[in-house]
Amino acid sequence: MAASPAKIFEALGDPIRRYILELVAAGEQPAGAVVAAVQRHTTISQPGVSQHLKVLRDAELVSVRAEGTRRLYALDPAGLDAARAWLTALAEPLHQFAQPLDALATEIARGKRTRRDTAPPADEAKRIS
């Protein structure tokens, strides 16, 4: 499933969730370490941090994997790529057309080459007229 830019930027709207992203950007983190770091940063309960982690998972900004009884969180490239693509479309609105225009130029050149290769020789063209 592709990450939704609306969900991504809604998730990024909260400073605690942005802080969690900074934590996991340094590398995979166990849930307990994330909770402890966030609690040092602000007053929040463990269930509160879990809710923030769920929002980040739903937005595909973090992924989780089980290792025994531990849950390890890491940045999810899918969400980051979706956010980057959305921002690129804003900053460079013609970016999405770059490749299709390159393909069109190739097809035009191919068509010209085909017409040139299949055209009758000049003296034969005069006889036909």
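The values are calculated or read from the model by the stated rules, or taken from the named source; none is laboratory data. Predicted model, so just to flag it, every value in this text is computed and none were measured. All Cβ positions, even for glycine, are placed from backbone atoms using ideal geometry, and neighbour counts span all protein chains on display. Just so you know, the surface numbers come from the protein's heavy atoms only, side chains and all, with ligands and any DNA or RNA stripped out. Shrake-Rupley method; radii C 1.70, N 1.55, O 1.52, S 1.80 Å.
Residue-by-condition table, conditions (1) surrounded by fewer than 16 Cβ atoms within 10 Å (Cβ to Cβ); (2) touching a strand residue (DSSP E or B) at 6+ places or on another chain (Cβ under 8 Å); (3) in contact (Cβ under 8 Å) with a residue 60 or more places away in the chain:
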{"residue": "Pro47", "(1), (2), (3)": "yes, no, no"}
{"residue": "Leu53", "(1), (2), (3)": "no, yes, no"}
{"residue": "Arg57", "(1), (2), (3)": "no, yes, no"}
{"residue": "Val62", "(1), (2), (3)": "no, yes, no"}
{"residue": "Gly68", "(1), (2), (3)": "yes, no, no"}
{"residue": "Leu72", "(1), (2), (3)": "no, yes, no"}
{"residue": "Leu80", "(1), (2), (3)": "no, no, no"}
{"residue": "Arg84", "(1), (2), (3)": "yes, no, no"}
Looking only at the range 32-42, filter to residues that are open to solvent by 30 Å² or more (accessible area, probe 1.4 Å) and of a type in the set (A, V, I, L, M, F, W, C); which one of those is farthest from Ile16 (Cα to Cα)?
Ala33
Hey, any hits in the range 91-108 for a residue that's open to solvent by 60 Å² or more (accessible area, probe 1.4 Å), modelled with pLDDT of 90 or more and assigned to a helix (DSSP H, G or I)?
no
Which pairs turn up if I take residues in the range 7-23 that are more than 12 Å from Val62 (Cβ to Cβ) and in contact (Cβ under 8 Å) with a residue 12 or more places away in the chain and look for partners that are open to solvent by 50 Å² or more (accessible area, probe 1.4 Å) and of a type outside the set (D, E, K, R) with beta carbon separation below 9 Å, at least 6 apart in sequence or on another chain?
Lys7/Val55; Phe9/Trp86; Glu10/Val55; Asp14/Val55; Ile16/His41; Tyr19/His41
The one condition Ile44 fails out of (1) of a type outside the set (S, T, N, Q); (2) within 22 Å of the chain's Cα centre (by Cα); (3) part of a loop (DSSP other than H, G, I, E, B) is (2)
